[in-house]
Structures are given as C-alpha cells and as structure tokens.
Amino acid sequence: MVSRIGAVIAALTFTAVNLVSSQHVQADPAPLLPDLRQAPIGCPGGYDGAPLLCRAWDVCLVEDASAPRGKCMNRGGTAQAVRLRFTTSIDNVGDGPLLLHAHRDNTATPTMKVRQAVQSGVDGSIAGSYDEARRETPAGAYYEPAPTHTHWHLLNFEYFQLRTPDGGVVVTDRKNGFCIGDRYKVSDDLEHRPSNPDSPEGKLAQRLRGHMCEHHNPSALDVMFGISVGSGDDYKHEVDFQWLDLTQVKSGTYDVVNVVNSDRSLLEKNYDNNAASIAISVQWPGGAVNPPATIDQAPSVRMIRSCPGKARCAKSHN
C-alpha cells in the first residue's frame, strides 16, 4: 500500500512539474525573439557600406537552361537563358536566436515538420529538440541530393521576384530551400549578441557556426536550422537557383525583391525589415523592346537604386 501511495504521489508530482514547465514556456512574460532583416540585395553578407556600390550580382548567359548552376558563356554562341544572379543575405538583429527544429518519425517520410524554439526571457533556456519546442509552423524540410548541396533544406524561408514598378509580378524564383546557419557577423551594436560560450545562446552559436544541416545524411530524422543574434546567413550569387530568369523580360525598369518570412509564420520581434529591393533598368541590344528570338548578347542591366527594408524601389516615394 505504501508503495502504491508513493507511486501515486510521484506521478502527481511529475504531472505537476510538467504542467508548470509547459505553462512557463507558453506564458513566458518576456520571450527573446529574433528579428530577421533582409540585407541589401547583391551585397556580400555582413556588408555595411553603401548598397548601391555592391557588386555581388551579374548577368549570366547560360547555354543550358536546365542547369540550375549553369556556367556563364564568356564568348560567342547562342544562349538558351539569361539570368540575373545576385547574392542574398538574412541577418538576425533581434534579442534571441532564430532556432527551428525539424523532425520526421521515420525515413519513409520524405519531409520533416518544423517547430520554432523561442528563447526564454525568464531563465535564458532554449528548447534543444523538436519535442521540447512548442511553436508549430507550416514550414517543412527536405533533403536536397544535388551534388553541390547533399544536405537538408528549410522550405519557404525566403523568395525572390522581379516586379513592375506598380508591383506586378513578372518573374518568380525557382529556389525552394535553404540551409540556415551562422555564416558571418553583422556590425550592429546588439545587446543580446552571444558573449558567454557557456550560456544557452553561446552553446547554440557554436553549433550554428558553419552549420551544414546534416550534410551527407539523407537518413536523418532530426535537423536544426538557425541564426544567432548578430549573425547572418548568405547565399552567394554563383549558387544554384540564386537568380531570376530575364530570357522573356522586355526592356524596362523593374524591381528585384527579396522577402524573408513573408507569411510571418516564424515569430519575430519586428517584421518591418523583412523585405529589400533594388530598382534595375533592363535594355536589350540595339534599343529593342522585346528580347530577340536568338540570344547571342546579354541585355544591359543597370542598378538604379537600392532600397533596404522596402518591397518597392523603382517608385522610391512608395
């Protein structure tokens, strides 16, 4: 009888502790939230100079339009596609890390579900697993087998578009996933930048530094993605699908727009800086309005202005 009473008491105590813990996580009075900032388009990660001077972008004539990382043609010949390639970067300038835990129950399921872990403002703790993370998201993760990747990708994290000055979508990117980690530091003065390597955020930053998202591990059941406070993740313009297709685009003025967390499904401190854009002029050779049937020369593309923090740039007053 004593043993049974003890077991009941232990069970009730365990339940109470779990309930308190769950309520503590869900009712955190001051969560430390990330703030994702879409960096200026065409600038290297961590750049803090004038965005209009950035040159991490180009126009690439591609012989094989089916190649996501097709080699640019440097000499004469006929191109199947014209691509505007550009580096894109996302900074975390918030109070807490962006941390996402992805999980699947078995390898028969090709994609993983994703939960967001938010750092506690009470004790600084950060959920270390999918089970511990409390915030469900509509995001997913999949394994990219392409030779230049062979790691897990977070889906629907960011998108690129070419738009008219009035906001009409002309071209949408074909990129579908990102391996998120700490690739560079930002120069901002941030109160919550990890400084103690033994703190929860310090330990996480060590794991995210150069993070490769379960590289060469298609059988993984769990993978994490994240960006520490004061760090950022970039994809250089030579990488697969880091481009918008200009092959059928008429001469004119356009906005190139990059947006991170567009549906706001990831909890952030601020959403006002999730977009960045550049206004460009596209001009086909000979003053032509329409692209030629046979492309043997790239259109002239000029950056008119850069508009960090804005989704419209060609009409700067908007």
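The values are calculated or read from the model by the stated rules, or taken from the named source; none is laboratory data. Not measured: the values here are computed from a predicted model. All Cβ positions, glycine included, derive from the backbone under ideal geometry; neighbour counts span all protein chains shown. These area figures cover heavy atoms from the full protein model, side chains too; ligands, DNA and RNA do not enter into them. Shrake-Rupley method; radii C 1.70, N 1.55, O 1.52, S 1.80 Å.
Below are the figures for this structure:
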item: Residue in the stretch 179-195 that is surrounded by 21 or more Cβ atoms within 10 Å (Cβ to Cβ), of a type in the set (Phe, Trp, Tyr) and modelled with pLDDT of 95 or more present; result: no
item: Failed item in (1) crowded, with 20+ Cβ neighbours inside 10 Å; (2) touching a helix residue (DSSP H, G or I) at 6+ places or on another chain (Cβ under 9 Å), with Val114 passing the rest; result: (2)
item: Matching residues in the stretch 196-209 - criterion: being in contact with a strand residue (DSSP E or B) (Cβ under 8 Å, 6 or more places away or on another chain) and open to solvent by 40 Å² or more (accessible area, probe 1.4 Å); result: Pro200, Glu201, Arg207, Arg209
item: Tabulated pairs, the stretch 271-284, first of a type in the set (D, E, K, R), second not in a strand (DSSP E or B), C-beta under 8 angstrom, 6+ apart or interchain; result: Asp272/Gly309
item: Residue under evaluation Phe14, criteria (1) among the aromatic types (Phe, Trp, Tyr); (2) modelled with pLDDT of 90 or more; (3) exposed (fewer than 13 other Cβ atoms within 10 Å of the Cβ), criterion not met; result: (2)
item: First in the stretch 293-304 and exposed (fewer than 12 other Cβ atoms within 10 Å of the Cβ), second anywhere and modelled with pLDDT of 95 or more, Cβ under 6 Å, 6 or more apart; result: Arg302/Ser281
item: Set Asp105, Asp91: member being over 15 Å from the mean Cα position of the chain (by Cα) and not β-branched (Val, Ile, Thr); result: Asp105
item: Output for the stretch 126-161, where each listed residue is among the small types (Gly, Ala, Ser) and surrounded by fewer than 17 Cβ atoms within 10 Å (Cβ to Cβ); result: Gly128, Ser129, Ala146
item: All strands (runs of 3 or more DSSP E) inside the stretch 180-284 with 3 or more residues being farther than 20 Å from Arg85 by Cα; result: 222-227
item: Hits in the stretch 51-73 - residues which are open to solvent by less than 40 Å² (accessible area, probe 1.4 Å), under 20 Å from Leu162 (Cα atoms) and hydrophobic (A, V, I, L, M, F, W, C); result: Cys54, Ala56, Cys60, Leu61, Val62, Ala65
item: Qualifying residues in the stretch 210-221 (those that are open to solvent by less than 70 Å² (accessible area, probe 1.4 Å) and of a type in the set (A, V, I, L, M, F, W, C)) - the one nearest to Gln119 (Cα to Cα); result: Cys213
item: Subset of the stretch 74-94 (residues that are in a loop (DSSP other than H, G, I, E, B), open to solvent by less than 40 Å² (accessible area, probe 1.4 Å) and not small (Gly, Ala, Ser)); result: Thr87, Val93
item: Flag for Ala127 being free of Cβ contacts under 8 Å to residues at least 12 places away in the same chain and either in a strand (DSSP E or B) or small (Gly, Ala, Ser) (or both); result: no
item: Hits in the stretch 245-271 - residues which are of a type outside the set (Asp, Glu) and either surrounded by 24 or more Cβ atoms within 10 Å (Cβ to Cβ) or in contact with a Cys (Cβ under 6 Å, 6 or more places away or on another chain) (or both); result: Leu246, Tyr254, Val256, Val257, Asn258, Val260
item: Leading residue by the ranking (modelled with the lowest pLDDT) among those in the stretch 163-178 that are closer than 26 Å to Ile227 by Cβ and surrounded by 19 or more Cβ atoms within 10 Å (Cβ to Cβ); result: Lys175
item: Some residue of the stretch 118-136 being more than 21 Å from the chain's Cα centre (by Cα) and polar (S, T, N, Q); result: yes
item: Selected residue (criterion: nearest to Thr164 (Cα to Cα)) from residues of the stretch 222-244 that are open to solvent by 20 Å² or more (accessible area, probe 1.4 Å) and not aromatic (Phe, Trp, Tyr); result: His237
item: Condition met for Gly70 (in a loop (DSSP other than H, G, I, E, B) and either without any contact (Cβ under 8 Å) to a residue 12 or more places away in the chain or out of contact with any Leu (no Cβ under 8 Å at 6 or more places or on another chain) (or both)); result: yes
